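Below you'll find the structure, written out as structure tokens, and then a few comments.
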Amino acid sequence: MKKPKVLLDSCVALAVAARLRADGYDVVTVPDRGADPGDAAIIKLAASDARAIVTIDTDFGALVFRDGAKRTGVLRLRQRSAAPLADRASELVKAHGEALARGAFVTDDGATVRVSPQAPPPLIRLGAARRSFSHKGRRTSCASAITHRAASALSPRG
């Protein structure tokens, strides 16, 4: 298996970069590239360089799943001190490197790890091509029904 290339967000301890480099990964940090350009720009940068993002920032989930940002693999770690964070990042990149290379979103919740495969494409708005129909006794449009159905499918069940 080819090791994924990694882009470390500026909020991640530099000990993580050192550990992943020692493990043989090609690691670039956001500070290596200059000032932090913001999360949306980091996703674009990672996608253009075919790198998986390693972060502790929860905003990447919203950008990827809610806003449909261009997809690249993301490993979101739980905040820890530098040495345990480096150990956990190493463990998870080794275990989920192939999934990250395919664009998976890997979330470390501490005791559990969730792996979400590549996100579905963003919702398509039908614009002028809307058609009305009756659904459960109400008039609705295809666009709102599709949006509602897709949003329901993405909502956590519980």
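Brief remarks follow.
- The set of residues in the stretch 72-90 that are out of contact with any Ser or Thr (no Cβ under 6 Å at 6 or more places or on another chain) and surrounded by 18 or more Cβ atoms within 10 Å (Cβ to Cβ) comprises THR72, GLY73, VAL74, LEU75, LEU77, LEU85, ALA86, ARG88, ALA89.
- Here VAL28 passes the criteria (1) among the aliphatic types (A, V, I, L, M); (2) touching a strand residue (DSSP E or B) at 6+ places or on another chain (Cβ under 6 Å); (3) crowded, with 19+ Cβ neighbours inside 10 Å; (4) more than 21 Å from VAL113 (Cα to Cα) except the one numbered (3).
- Flag if PRO31 is over 14 Å from LEU7 (Cα atoms) and in a helix (DSSP H, G or I): no
- Scanning the stretch 73-103 for residues that are out of contact with any helix residue (DSSP H, G or I) (no Cβ under 7 Å at 6 or more places or on another chain) and not in a helix (DSSP H, G or I) yields a total of 5.
- Criterion applied to ALA52, ALA41 was being modelled with pLDDT of 85 or more, closer than 21 Å to PRO117 by Cα and in the same structural domain as ASP109 (by TED's automatic domain parsing), and the one residue passing it is ALA52.
- Enumeration of residues in the stretch 35-59 that are out of contact with any Ser or Thr (no Cβ under 8 Å at 6 or more places or on another chain) and touching a residue at least 40 places away in the same chain (Cβ under 8 Å): ASP49, VAL54, THR55, ILE56, ASP57
The values are calculated or read from the model by the stated rules, or taken from the named source; none is laboratory data. This one's a predicted model, so the numbers in the text were calculated from it and none came from an experiment. Don't worry about glycine lacking a Cβ; one is built from the backbone with ideal geometry, like all the others, and counts go over all protein chains shown.
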